[in-house]
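Throughout, read-outs are computed from the coordinates displayed, never taken from laboratory work. None of the values given here were measured: they were computed from a predicted structure. No Cβ is skipped: glycine too gets one built from the backbone with ideal geometry, and neighbour counts run over all protein chains shown.
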Amino acid sequence: MTLVWLLIVLIAGGILSGLFARWHLGLSRWIALAAVTFDLILTLILAARDFGTAHPVGNQWLEEVNWSWIPQSGIHFHLGIDGLSLLLVLLTLFLGIVAVVISWTEITTAVGIYHFNLMLILAGILGVLLALDLFLFYFSWELMLVPMYFLISIWGRERRAYAAIKFFLFTQLSGLLMLIAILALYFAHHRATGVYTFEYQELLGAQLSPHAAMWIMLGFFAAFAVKLPMFPFHTWLPDVCAEASTATNLVLASLMAATAAYAMIRFLLPLFPDAIRTAGPAVTVLAVIGILYSAILAFSQTNLMRLIAYASIGHLGFVLLGIFSGNSLALRGAVVTVIAHGISIGALFLVAGALEGRTHTREIGAMGGLWDTVPRLSGVGLFFALAALGLPGMGDFIGEFLILIGTYQVHFVTAAVAACGVLAATFYALRFVQYVFQGSNSHLWHLPDLSPREGLLLGAMMVLLLWLGLYPQPVFQTLAQAANHVPTLWR
Amino acid sequence: MLRLLWLVPALPFASSLVLALVRLPRRAVAWIATSSIAASTIISLLVAGSFLSTPPAAFAYTEALWRWFDAGSLHPEIALYLDPLSLIMMVVVAFVSFLIHLYSTEFMSGDDGYNRFFAYMNLFVASMLTLVLADNLLLLYLGWEGVGLCSYLLIGFWYRDSDNGRAGRKAFIVTRVGDTALMIGLFLLFHRLGTLNIQELMRRASEQWPIGSSAALAAALLLLGGAIGKSAQLPLQTWLPDAMAGPTPVSALIHAATMVTAGVYLIARTHVLYALAPQAQFAVAVIGAATLLMAGFSALTQHDLKRVLAYSTISQIGYMFLALGVGAWPAAIFHFMTHAFFKALLFLGAGIVIKSLNDEHDIFRMGGLRKHLPVAFWTFLIAGCSLAGLPLITAGAFSKDWILWGAYGAANGSTGLWVAALTGVLLTSLYTFRMIFLVFFGEQHSQVTYRPGNAMLIPCLVLAFLSIVGGYMKAPFASFLGTSLPWNSKVGAIPIGETASGGIAAAVFFLGVYLAYVLFLRKPNLTMAVASSRAGRVLHSLWSSDWAMDWLYDRLFVRPLVWLANSGKSDLIDGFYSGVAWLNKTAWRGASRTQSGRLRWYAAGIAAGSIVLIAVVLFL
């Protein structure tokens, strides 16, 4: 039942927050914050309950809910959580809190509707992470989309309409392909067994011809690849990030990417193992190209948000490489990278948002020498830039190292070229530090340094990244509880 | 006592954290920063004492702190490994760093980034100590990258000048090129041998790989890639001269204790691998010999006092690489130690000179300082003699003679390498005494405006003492280090002995001093004439620009990459999607234009459409 409560609390929180904004803006914000925090505490209790125990054999999921929804079509309201989804739910709720808190001062118009949308998106993300019925999964997947469109188009910057339509077209078209693939799988399974069902676990054993499996896999893959985003379907992300508000960027780059990576691991790998084996090498090549391509593009960006968006695409290229390289170390590295990337890129967006809040610009050219006036914010920015360039001791390094060392065992040239991507990340990360914080303060900025609220959020994110970098064992231990569901983790 | 080992890197880490987070008054900053390194030094000495008095089994002690992570087949620990090699490195690094910290408390006293400076410096020392004590290559890599990071932060410490930032980024990026090779080397070792624990790796490598196996060669070369990056050897040496942009104590730290000797340590640590890959080991020797000569020539033409010292470091590390390459392992580590003493001292002395002359770096605008800065002069002279190798007295002579002898008499030694090393001796004494004569003798060109206090002078005196007596430790040093890093002797007869080799080196040293005296003190006009001749000009510009390698790299790598980045800035891939959008819009515009509201156009359209349809039906 906990899983249902997670969703109910978020949706109810969203509705209440929307309603109360009419009377009191602060109350609206507090309700949203309380809802997400309550969910986080619930999940932490859930995590603590089973932490470190071996995976229960009889009940394969740490927690499960299975209600019949539309029995005629074999649709169930089926939620389940295991180590893998647990980690990402925790990440989602933590970053959800961050998103609510940074919107506190940045969002001043239509506060109620804003929080309503934000809560719906978070509920959609949780739905994606928990759904064990493909219909419910698709439903949640689309639930993320529409509120996100509003977040971009209402609270965005100048070219927000363009960005919102671009986002909508990319994700909607690819989502449609996934819908077709889900239906194809549904009917193919019916033809083979005579049973109509969207159940994940029953479809796992679906008998498909290699040809059909490949096409259906590609349908799923289209949706996940666009949302990740993977090269060459990535171009919506920088355009959107350049226009959207800080919290939106955080949700887009850190959380939506996490759902895409999760969906690949949960659905793509177990449903179509043979098709993945065939398509894997091609995807890894694209992943490596994406890593290098985005690093070079990040180097030349003049808009701070765009730069971070490309940095994010580069890290997600590593995630893609880890998932498709067919090695268990690499796959585990991919999960760690999803978490670490969520925090480090999210924090970079926060830093950029903090800079924008003070200087009223996202252009790097208008900054420079800010260390003089905001030393703490600059130090924090430096810290997260270092995390992004893969400095050992921080979470991103553990993930990327595992991905590379795992990939090396399968194909060493791919790993060696991808390792150059870590080097290339140095270029843009140092350029960011140089042109924003160092140099002379030629624009004579005189700005307030970190507020306690910003300091608290960023400090928590720093601690989490260091923890992930120096003692990530709990993450691996939790991940081990996904053993039965993701057999490829252990291949 | 050995169990206190973890405190040695932990204390500087902790103080770095405190300094980064808490805003403290200057005195407290200086006190915390210096005392943490002092405590670290004392503990390392205690550990060393206990290690010597009651050696642990097999002369090695491992202290496991915690399991880093367990990802299935890869499960590294955060663990420290102490054997004679890491013990010597640890003690020297901690002690020299302490002296430099003490010096910095005064040197940096007027700087507004006092807090930040010491936070970085402590992190630097902590990273280096982690590097040398690491029990597995992943932890070593953590220290390795931490050292690279701190060099970047400290070289660009005075961030308001964007040139300093550029030098810092150059250091980080160039060394990271090497680090990438090292990382791939780690992948290879793990893939083939299934662990990253250094001792386990060495054992498995010698069991599973025959001498000359291609896997060993590849692994050794990849690690070498990392080593030349950090140790500023050919062809990745270009970052070190620019690294002089940082405050002078930083240069002392980078050159003497932390950072550049990391590559030497890595190769010594994994010497089993190099024994399995003779070609790779030979490559180490050749790189060392080539670097020591090239950097020696470059040092001869520099005007900036600190750049002379920078090239001198590159050249001296070249000696260490030469020693590693020929199999004179203990000689390399011994030279590391003596070099740490005299090079730190040279930089600290240079810092005094530069600060007293109000930030003057050009040696041609100094001169005659021996009367005004007597302590600086005498200590600098001792360090210079040690660097150039004044025989029988100075520490540098002992270590260099040992390497020289190794270049001839160790396993892979040869006459060619010995001659290269001997030429290096001439160059070293030439550029060292050029510097000493120009700075301290002759006419005075600049006014002394600052006199160093005790915090700056005491470290110099201690290091001067060590630059002399350090040499007499050779015999116990060799026997102690021999338990973990033995000298590989040459098989067969050796025509000249160690003493003869040392004697020749001594003669060459005096020749160099005399030449320097003539060329730069007695007859500077002669030097000018030679330098302004056609060939002299070409050579001078070649040497002073570090053999034009910066220029070459700029054209080969930097500019193409920047051009590529800038020309692809607007994301070419997006062009495709924009094209699709444009196509749709155009089609829409065309289609909407037909809806003009004019009846005759509609009639004409219907008629034309009918004709086409009928034609299709009739003719197809």
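Can you tell me the mean projection area, over all orientations, of the convex hull of region B:384-425's alpha carbons? Units nm², please.
2.7
Within chain A, which complete DSSP H helices have Cα atoms spanning at least 27 Å along the helix axis and a mean Kyte-Doolittle hydropathy of 0.5 or higher?
Helices meeting the criterion: A:25-50, A:83-106, A:111-130, A:134-155, A:160-193, A:273-300, A:304-324, A:328-359, A:412-436.
Could you work out the helix-only [θ] at 222 nm for chain A, with each DSSP H run of four or more residues adding -39,500 (n - 2.57) and the total divided by the number of residues, to the nearest 500 deg cm²/dmol?
-24000 deg cm²/dmol
Answer with one residue from A:A387, A:G406, A:Q434: the one whose Cα lies farthest towards the positive end of the charge dipole of region A:348-491, charges on Cβ with Lys, Arg +1 and Asp, Glu -1.
Comparing the listed Cα positions along the dipole, A:G406 ranks first.
Once the convex hull of the C-alpha atoms of region B:282-400 is built, how many Å³ does it hold per residue, rounded to a whole number?
Convex hull of Cα atoms, per residue: 88 Å³.
What is the fewest-to-most order of B:D163, B:D546, A:D239 by other Cβ atoms lying within 10 Å of their Cβ?
Going from sparsest to densest Cβ surroundings: B:D163, A:D239, B:D546.
Give me the Debye-computed log₁₀ of I(q)/I(0) at q = 0.05, 0.07, 0.08, 0.09 Å⁻¹ for chain A, equal point scatterers on Cα only, no solvent, two decimals.
For chain A at q = 0.05, 0.07, 0.08, 0.09 Å⁻¹, log10 I(q)/I(0) is -0.17, -0.33, -0.44, -0.56.
Do the alpha carbons of any pairs in B:K170/B:K474; B:K230/B:K523; A:K227/B:K585 sit beyond 31 Å of each other, and which pairs?
Flagged as over cut-off: B:K170/B:K474; B:K230/B:K523.
Using Cα centres only, tell me the gap between region B:460-538 and region B:393-424 in whole Å.
Region B:460-538 and region B:393-424 have Cα centres separated by 9 Å.
Of A:L86, A:H76, A:A99, whose Cα points farthest to the positive end of the dipole of region A:1-129 (charges on the beta-carbon: +1 Lys, Arg; -1 Asp, Glu; origin at the Cα centre)?
A:A99
Counting each pair of different Cα atoms once, what's the Kirkwood radius of the protein assembly as shown in Å, rounded to one decimal?
Hydrodynamic radius (Kirkwood, Cα pairs) of the protein assembly as shown is 31.6 Å.
Determine, for A:L90, A:L134, the number of other Cβ atoms within 10 Å of each Cβ, and report the residues in order from fewest to most.
A:L90, A:L134
Taking B:K355 as the anchor, which aspartates and glutamates have their alpha carbon closer than 15 Å to its alpha carbon, excluding any fewer than eight residues away along the same chain?
B:E106, B:D111, B:D304
Place a label point 7 angstrom from the Cα of A:T373 along the Cα-to-Cβ direction, then list the residues of region A:447-483 whose backbone nitrogen is under 11 Å away.
Label zone hits: A:447-449.
With the dipole of the protein assembly as shown worked out from charges on the C-beta (+1 for Lys and Arg, -1 for Asp and Glu) around the Cα centre, which of B:Y319, B:N358, A:L134 lies farthest toward the positive end?
Toward the positive end, the furthest listed residue is B:N358.
Going by the alpha-carbon gyration tensor, a ≥ b ≥ c the square roots of its eigenvalues, is region A:81-195 rounded (a/c under 1.5) or, if a/c is not under 1.5, prolate (a/b greater than b/c) versus oblate?
oblate
Rounded to the nearest 500, what is the 222 nm mean residue ellipticity of chain B from helices alone, with -39500 (n - 2.57) per DSSP H run of 4+ residues and division by all residues?
-23500 deg cm²/dmol
For B:A507 and B:R559 in the same chain, what is the full-extension length gain: residue separation times 0.36 nm, less their Cα-Cα distance, in nm?
Full-extension gain reported as 14.0 nm.
Calculate the tail of P(r) for region B:240-342: the fraction of all Cα-Cα distances greater than 20 Å, expressed in %.
Counting every Cα pair in region B:240-342, those more than 20 Å apart make up 38 percent.
Treating only the Cβ of Lys, Arg, Asp and Glu as charged (+1, +1, -1, -1), what charge dipole size does region B:465-620 show about its Cα centre? Round to the nearest 20 debye.
Its charge dipole is roughly 760 debye.
Determine, for A:I296, A:I15, the number of other Cβ atoms within 10 Å of each Cβ, and report the residues in order from fewest to most.
Lowest to highest Cβ neighbour count: A:I15, A:I296.
Report the Stokes-Einstein translational diffusion coefficient (µm² s⁻¹, integer) for region B:104-209, Rh taken as the Kirkwood radius over Cα pairs, at 20 °C with viscosity 1.002 mPa s.
138
Say R0 is 60 Å: what FRET efficiency, to the nearest 0.05, do A:A192 and A:E106 get from their beta-carbon distance?
According to the calculation, E is roughly 0.70.
Let's see if you can work this out: charge +1 on each Lys and Arg Cβ, -1 on each Asp and Glu Cβ, no other charges. What is the dipole magnitude of chain B about its Cα centre, in debye to the nearest 20?
Taking the Cα centre of chain B as origin, the dipole is about 1440 debye.
Restricting everything to alpha-carbon atoms, can you work out Rg to Rh for chain B with a Kirkwood hydrodynamic radius?
Over the Cα atoms of chain B, Rg/Rh equals 1.14.
So for region B:1-128, considering every pair of alpha-carbon atoms, how many percent are separated by more than 17 Å?
Counting every Cα pair in region B:1-128, those more than 17 Å apart make up 59 percent.
Given the convex hull of the Cα atoms of region A:333-491, what is a quarter of its surface area in nm²?
So the mean shadow area of the Cα hull is 10.3 nm².
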